Amino acid sequence: MTRAAVWLSRRTLLAGAASLALPSSVRSQTDAATDRKGATMRLRFIFGDQDFTATLEDNPSAHDLVSILPLDLTIDDYSTNEKIAYLPRKLTEEGSGRFGNEATGDLCYYAPWGNLAMFHGPYRWSRGLIRLGRLDQGPAPLLTRGEHPLRVEMLS
């Protein structure tokens, strides 16, 4: 085995052990959301010539978003690292709190403004930000600049 393979194996083992040590309430915030029948919940986003999917977390805010689908919104650029779309109503903030491992491709809800935030560049958690899930193919679709009609629906 190469040194890199040994390091990766140890890292994978340690990450797995660390996740088991977390309380179940924390673990559930990082697991993919499931509906009442145990199926993973995935969304489809369509805007411009982009058509992409996201897998949701298992948290009350993600479930609340699913309850108001399908949606026709407007997506627009915000700052240099994200696109946003305002929802027709605010989502629940129950069970929300600080999260780590922020990554490009995250789908979040920004509670103070009531909008979806999709990150195509690095970002840091801030108060009121709730991760809803992650884009399945990464952030590339979000690099299309400008304001566009956005369709959000459950992926069947």
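Quick note: the coordinates plus some simple rules give every number you see, no bench work behind them. Bear in mind that the values here come from a model prediction, so they are computed numbers and not experimental data. Methodologically, a virtual Cβ is constructed for each residue, glycine included, from the backbone with ideal geometry; neighbour enumeration extends over all protein chains shown.
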Please give the contour-minus-distance gain from Arg151 to Asp136: 0.36 nm per residue of separation, less the Cα-Cα distance, rounded to one decimal in nm. 3.7 nm
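Which of Met154, Met41, Met118 comes first, and how do the rest follow, when ranked by fewest Cβ neighbours within 10 Å?
Working: Met154 13, Met41 21, Met118 26.
The most exposed by this proxy come first: Met154, Met41, Met118.
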Förster-model FRET efficiency, 41 Å R0, Ser67 and Thr144, C-beta, rounded to 0.05: 0.90
Along Cα→Cβ, 7 Å out, is where each label goes; now give me the distance between the ones at Asp77 and Ser126 in nm to one decimal. 1.8
Taking the range 51-156, which chymotrypsin sites (Phe, Trp or Tyr not before Pro) meet the DSSP loop condition and have no more than 15 other C-beta atoms within 10 Å? Trp113
Zone reached by a paramagnetic label modelled 7 Å from Thr53 Cα along Cα→Cβ, restricted to the range 102-133 with backbone N below 14 Å, covers none
Trypsin sites (Lys or Arg not before Pro) within the range 86-156: DSSP coil, no more than 12 neighbouring Cβ in 10 Å: Arg89, Arg98, Arg124, Arg127, Arg145
